[in-house]
Amino acid sequence: MKKLILLFLGLILISCGGGGDEDVTPVQVTPEPVVVQKFTLTVSAAEGGSVNTSGGSFTSGASVNLTATAQNGYVFSGWSGDSTSNENSISITVNSDISISATFESFLLSCNTPFYPEKPSPDYSENNYEYYSYGWQTNQGMSKICLNSYAGVSEESIFLINEVLTSASNRLGQLLPINITAYYNGISDLDLVMNNWDALKMTNGGFDPGDYTAAAGVDIENIHNGGQGELAQGIYENLVSGRKTIYHEFFHIYQNSHKLYFEETNNFGWNYSRITEGRDNLDFVGLVGPVWIEEGGAEFAGISLSAQNNWIDSNQAFIDYLDEARNVIIDAASRNDIVSLKDYENGKNIGRLESTNNPTGVSRQFAYQYSAGSLAHLYLLKTQRSSLVDMVENYYIDLAELERENIGEGYVYSFEKSFGISLEEFYLEFDEFMLGTRDEQLTILGLN
Ligand SMILES: [Zn+2]
């Protein structure tokens, strides 16, 4: 007991030590009974989503798991109040009164602010590859779609574009945020449009303000700001094919992001020299693969997936392409110009064959890479080489890995892996199919 009293005195002296000249008032200390302390946790959700609990009263030190869920059309953007985490699932230790709120933002928002002002440095380099990971590689960042629209683009058009982009994103997913610029040539201030486009660090001169322009992709010089695309009024005002074309452009971003993405390490990477070398070479094939796969695949996805929403009559679209592709072959054959799908692997070679630089001196009819390219996909589907899901996904998923293992030939390996037939064998089979009668072709393609 004596010891305890001394200890109390000691405490009083210490606690009053800094008090200077103040009078020392003796303090009577009585031991506190042990009480379980409780705190209040208050959890709320802002507009656009919900949380799994509204909180309550918790014993000090209790751990509570909070999960925020965005409703359709919104993405979780972070916690506010006593947590600033960006993870939608967090664990909170309650050791004081806590108030926390989940915030959400509209999935589809207008924006033209770059994520990165400059191209970031690679995380690491290995075997001629540079690897990058980006701050937006979170669920909410990757699903972000920014539709930048300008004067003259009607509410209906904005709705239509958003509808397609959201549907495509839900169906195919996104590896990166997407910026789409919609403008009306007759009214939009094109200087403003181009300035905003520049702010997103697209390649200089990459913006082409035509009346019928639809373009999209992923530029390795700008991937840190996501995928990019532009749509002119001739596209989004065309109620017959507009949504299919917007889907097609989304698919280009899908293809071109996968060609750079490594699932296992969750990062992006590329062999810079492989991308730039040989661009003038007529045999050079890009990382997505042959042009007929890039364009025909986007067209196939645009038609097939739009048709699932009843936006297009896919049978009619494919029949039209069959007639177009047949005409290319018949017209060229009259000059002994033998058309093969293999001719459509490289853009420069296509340009040569579709101009008077064609060895026959007469240009081929246009766009076999779109018409026959999309039919080649339908052919692979109908000859049981692939399901629809595999057709629009599998070929692209392993593309980056297979290219890294087989520099310059990733697409060759991915094609054979996805469809169970080598690309060269497929060319022979498909070219022969294209020489059949129209009725035979309609039967094989399931279009009659
Ligand atoms: Zn295209």
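Structural remarks
- Any pair with Cβ under 6 angstrom, 6 or more apart, that starts in segment 186-202 at a residue that is surrounded by 17 or more Cβ atoms within 10 Å (Cβ to Cβ) and ends at one that is at pLDDT 85 or above and part of a loop (DSSP other than H, G, I, E, B): SER188/TYR150; SER188/ALA151; SER188/GLY152; VAL193/TYR150; LYS201/ASN222; MET202/ASN222
- Screening the candidates GLY408, GLY351 for the property of being within 16 Å of the ligand (Cβ to nearest atom) and surrounded by fewer than 17 Cβ atoms within 10 Å (Cβ to Cβ) yields one hit, GLY351.
- Qualifying residue in segment 336-347 (condition: polar (S, T, N, Q) and either within 16 Å of the ligand (Cβ to nearest atom) or touching a strand residue (DSSP E or B) at 6+ places or on another chain (Cβ under 7 Å) (or both)): yes
- The strands (runs of 3 or more DSSP E) located wholly in segment 144-250 that include 1 or more residues which are within 15 Å of the ligand (Cβ to nearest atom) and farther than 20 Å from ALA307 by Cα occupy 178-183, 214-217, 227-232.
- Exactly one residue out of SER143, SER149, SER99 is touching a Phe, Trp or Tyr at 6+ places or on another chain (Cβ under 9 Å) and at pLDDT 85 or above, and it is SER149.
- Pairs where the first residue, in segment 298-323, is over 21 Å from GLN369 (Cβ atoms) and the second is away from the ligand (no atom under 16 Å from the Cβ) and not in a helix (DSSP H, G or I), C-beta under 7 Å, 6+ apart: ASN315/LEU447
- Restricting segment 251-290 to residues that are in a helix (DSSP H, G or I) and surrounded by fewer than 21 Cβ atoms within 10 Å (Cβ to Cβ) leaves a set whose member that is farthest from the ligand (Cβ to nearest atom) is SER273.
- Just one of the listed residues (GLY49, GLY56) is loosely packed, with under 15 Cβ neighbours inside 10 Å, not assigned by TED's automatic domain parsing to the domain that holds LEU165 and not charged (D, E, K, R), and it is GLY56.
- Residue-level analysis places LEU165 among those that are more than 30 Å from SER273 (Cβ to Cβ) and either in the same structural domain as TYR116 (by TED's automatic domain parsing) or surrounded by fewer than 20 Cβ atoms within 10 Å (Cβ to Cβ) (or both).
- Filter result for the condition that a residue is assigned to a loop (DSSP other than H, G, I, E, B) and buried (at least 18 other Cβ atoms within 10 Å of the Cβ), over SER386, SER374: SER386
- Filtering segment 299-321 to residues that are surrounded by fewer than 21 Cβ atoms within 10 Å (Cβ to Cβ) and in contact with a Leu (Cβ under 7 Å, 6 or more places away or on another chain) leaves ASN315, ILE319.
- Residue count for segment 227-246, restricted to those that are among the basic types (Lys, Arg) and under 20 Å from ASN179 (Cβ atoms): 1
- Any hit, segment 312-328, residues being at pLDDT 95 or above, over 30 Å from LEU172 (Cβ atoms) and more than 31 Å from the chain's Cα centre (by Cα): yes
The values are calculated or read from the model by the stated rules, or taken from the named source; none is laboratory data. What you see is a predicted model; the values in this text were computed from it and never measured. With ideal geometry, Cβ positions are generated from the backbone for all residues, glycine too; neighbour counts draw on all protein chains shown.
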